[in-house]
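The values are calculated or read from the model by the stated rules, or taken from the named source; none is laboratory data. As the structure is a prediction and not an experimental result, all values here were calculated from the model. No Cβ is skipped: glycine too gets one built from the backbone with ideal geometry, and neighbour counts run over all protein chains shown. Heavy atoms of the whole protein, side chains included, go into the accessibility calculation; ligands, DNA and RNA do not. Shrake-Rupley method; radii C 1.70, N 1.55, O 1.52, S 1.80 Å.
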Amino acid sequence: MYKTPDSKKEEYKRYLEKTGVTDALTKVMVGLYEEPDRPPNAIDYIKKYLGAQGGTTEYDLMKKDNEDLKKQIKQLETQIGDMRRQLATNEGDV
């Protein structure tokens with residue numbers, strides 16, 4: 001049986017409504033509209049809002065991991081510098 005484009009469209013709309021997508025998108029768009037200070041990046045706002053409904057988002061976890069890794073890199077770079085200085089001092093003593 002062949003479905004007309006209109007019937008496919010209606011079926012898809014029902015699917016989006018049934019799964020809560022329409023409601024979630026409406027809420028995020030209203031939230032963005034009501035935001036007193038418009039965020040510089042609307043896409044990031046939408047991603048964060050949609051992800052935040054379930055608590056901590058994967059984005060938030062990855063952001064924290066990234067910050068932790070940057071701190072670790074700085075610590076390791078400091079350690080490398082200290083070791084190079086120590087090596088240079090020991091080589092000068094020989």
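Values computed for the structure shown
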{"read-out": "Filter result (among the charged types (D, E, K, R) and modelled with pLDDT of 85 or more) within region 34-54", "value": "E34, E35, D37, R38"}
{"read-out": "Leading residue by the ranking (modelled with the highest pLDDT) among those in region 7-29 that are of a type in the set (A, V, I, L, M, F, W, C) and open to solvent by less than 70 Å² (accessible area, probe 1.4 Å)", "value": "L16"}
{"read-out": "Qualifying residue in region 65-80 (condition: assigned to a helix (DSSP H, G or I) and touching a Phe, Trp or Tyr at 6+ places or on another chain (Cβ under 8 Å))", "value": "no"}
{"read-out": "Residue within region 16-36 that is over 22 Å from the mean Cα position of the chain (by Cα), in a helix (DSSP H, G or I) and aliphatic (A, V, I, L, M) present", "value": "yes"}
